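Working notes, structure below.
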Amino acid sequence: MFPYKEFQAVVLAGGGGSRMTELTYGQHKCLLPIGNIPMIWYPLQLLERVGFKEVIVITSESMENSVSATLSNLNLKIKTDIVAFKDAEDLGTANSLRLIHEKIYTDFLVISCDLITDVDIHEILNLHRKHNASITALMLPTPKVSNDFVTPGPKNKQKPETDLIGICNETGRLIFLASASDFEETIRISQTLLKKHPSFTIHSKLIDSHLYVIKKWVLDFLVHNKNFITLKGELLPYIVSKQFSKPPKSCLDDKSTSMVRMNLKKDVFRFAKEKQLDELIRKMSAYNDHGTDLYDAYHEDIIRCYAYIGNGKFGLRANTIQMYHLANTKISEWWNNDNNGQFCIPSIAATATVHSTQMQDCCVGNNAFIDEKTSLKHSHIGSNTRIESKTRVSQSVIMENVTIKQRCVIHNCILCNGCVIEEGTELKDCVVGLRHVVTSGSQHSREVLTDPDNLIEF
């Protein structure tokens, strides 16, 4: 694929959803519905909009058939090359890229299947081109969650992970990347970094979106260095830190050294080399990316990392129950308003049967049946779902093949595939697991309702 294109695209869709196992037990994370559309549609459609014709989708062998069947029904024009590996959910993102390195011929874009955003990828690619960057990463403002927003399930006191992202105020260079949990009280900044970038900001309210534009040499380095398991947690911080290191003298003296003769611990500067023409243009140009000194452009750094901040755009990673529910709550507003009528989230499918006259801001999937004398507000109703009379549903996500019987009240809940809500049940702020049956007349609030055997997975 793409042997002669400028950029290739890779979507990582093999994750098991370890932070939202209440939803992903027996279900594939990348196929969870957001606005009644499988999650993986959003990054694929984002790539299609900016002109990508083909994409490599990495998934697990256990998901391959389901992912393939789903993609064939999404009416996307972009061609997908599905690459499935055994136990891909346990591989790690860096390992996944290693396994497809023979398919990568150019610089490439990597995007996570759980990224929901309207950022224009053109702008990120242009930033990467402008500076001939090694890695360009999309950073998004932390999503704002209103005080009255309640995440279904028990109250979770666990604090979300905070990224520490250092960006040079003058050049936009990404100069620091780490998790706040890696530090106790203080952060040490090297003198070399301070000398090159005296004015920078450490952001704690930006999130690493898991969208990266990466030079081909970075993948070559990754293939020869097996120490890295993940992109965000290991490889990226390493590459970012190496911007402030000087190439070993051996790399400068003998650029033609055979890879076979090199030590097994490959030095990154054996791979991070500018093309002679690029180096000549940089040295002859009057362009300088910084104005605080008279040093050469980029301080002659061969490794250069940049951050694109998606201010003014919506975006989140639906990798927790909170972010997944927030995405469903906001998706129609975000997506439909931003796209001027194009790529809109569907409201009521043509094959759905709706007898209710009390529906407000709802999406209803294929072959769903909504009986009369029902009230549905601000909810997503999945395909083949049946909602019987005298039932009220509000602010909820109802997945596929769900049955809700008469006289039920469902508020701010997530009901997973195939579950059954018996007559007269009241659910508030709950998660109901895959194919679970909630007994008639019961009342539940802020609970995860699932079969006892499934709880072991949590």
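The values are calculated or read from the model by the stated rules, or taken from the named source; none is laboratory data. Predicted, not measured: the structure shown is a model, and the values here were computed from it. Counting neighbours? That spans all protein chains shown, and the Cβs are built from the backbone with ideal geometry, glycine included. Side chains included, ligands, DNA and RNA excluded: accessible areas come from the protein's heavy atoms. Shrake-Rupley method; radii C 1.70, N 1.55, O 1.52, S 1.80 Å.
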Nearest 500 deg cm²/dmol is fine: what mean residue ellipticity at 222 nm does the chain get from its DSSP H runs of n ≥ 4 alone, each adding -39,500 (n - 2.57), divided by its residue count? -5500 deg cm²/dmol
Mind checking which aspartates and glutamates have their C-alpha under 16 Å from Lys390, skipping anything on the same chain fewer than 8 residues away? Asp371, Glu372, Glu422, Glu423, Glu426
Residue-ordered couplings for the range 49-59, obtained by feeding phi - 60° into the Karplus form 6.51 cos²θ - 1.76 cosθ + 1.60 and rounding to whole Hz (Gly and Pro as x), are 4, 9, x, 5, 9, 9, 8, 8, 10, 9, 9
With 0.36 nm assigned to each residue of separation and the Cα-Cα distance removed, Asp87 to Ser181 gains 31.1 nm
Mean shadow area of the chain, taken as a quarter of the surface of its Cα convex hull (nm²): 23.8 nm²
How large is the accessible surface per residue of the chain, computed with a 1.4 Å probe and reported in Å² as a whole number? 49 Å²
How much of the accessible area of the chain, in percent, comes from carbon and sulfur atoms when a 1.4 Å probe is used? 47 percent
About its Cα centre, how strong a charge dipole does the chain have in debye, to the nearest 20, once Lys and Arg get +1 and Asp and Glu get -1 at the Cβ? 820 debye
Measure up Lys273/Lys313; Lys196/Lys273; Lys29/Lys53; Lys144/Lys242; Lys232/Lys313 against 27 Å on the Cα-Cα distance and list the ones that go over. Lys273/Lys313; Lys144/Lys242
Quick one: check the C-alpha center-to-center distance for the range 4-26 versus the range 76-145, whole angstrom. 10 Å
Which order do the peptides 434-447, 49-62 take when ranked by the mean count of other beta-carbon atoms within 10 Å per residue, highest first? 49-62, 434-447
His101 - accessible surface, heavy atoms, 1.4 Å probe, Å² rounded to 10: 70 Å²
Calculate one ³J(HN,Hα) per residue across the range 223-236 by plugging θ = phi - 60° into the Karplus curve 6.51 cos²θ - 1.76 cosθ + 1.60, and present them in order as whole Hz with x for glycine and proline. 5, 8, 10, 8, 6, 9, 9, 10, 7, 5, x, 10, 5, 4
Ordering of 72-79, 310-317 by packing [mean C-beta count within 10 Å, highest first]: 310-317, 72-79
